[in-house]
Amino acid sequence: MSCDNLISNLASCNCSYEPCGRKGKCCQCLVYHQRLGELPACYFSAAQEKTFDRSISYFIKCNH
Ligand code: SF4
């Protein structure tokens, strides 16, 4: 299924994990990380995101 918002989503996506096929497909990205008990890259700063730690505990640590 194609996404009407793919181009604009990609323009604001900060995820640096290049192999991922979910980039710009925010609904898939969110569900994927939600199932793992995680948050998408866009919840993190650029430096935090580059750790690839998407855990909620890391998010809380960063925003404590
Ligand atoms: S945050 Fe996760 S699912 Fe979303 S584009 Fe990046 S690696 Fe893929």
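Annotation: aspartates and glutamates with alpha-carbon distance below 18 angstrom to residue 25 (same-chain offsets under eight excluded): 4, 38, 49.
Both radii come from the Cα set of region 6-62: Rg as radius of gyration, Rh as Kirkwood radius; their ratio Rg/Rh reads 0.94. Qualifying trypsin sites (Lys or Arg not before Pro) in the chain, where qualification requires a DSSP coil assignment and no more than 15 other C-beta atoms within 10 Å, comprise 50.
For a straight C-alpha distance cut-off of 21 angstrom, the lysines reachable from residue 61 (same-chain residues fewer than eight places away being disregarded) are 50.
For the chain, give the magnitude of the charge dipole about the Cα centre (Cβ charges: +1 Lys/Arg, -1 Asp/Glu; no others), in debye to the nearest 20.
Numbers: 7 positive and 5 negative charges, 18 e Å.
Roughly 80 debye, rounded to the nearest 20.
Counting only alpha carbon atoms, the long axis of helix 26-35 and the longest principal axis of the chain meet at about 40°.
The numbers here are math on the coordinates, done by the rules we state, and not lab data. Note that this is a predicted model, so its numbers are computed, not measured. Positions of Cβ are backbone-derived with ideal geometry, glycine not excepted, and every protein chain shown enters the neighbour counts.
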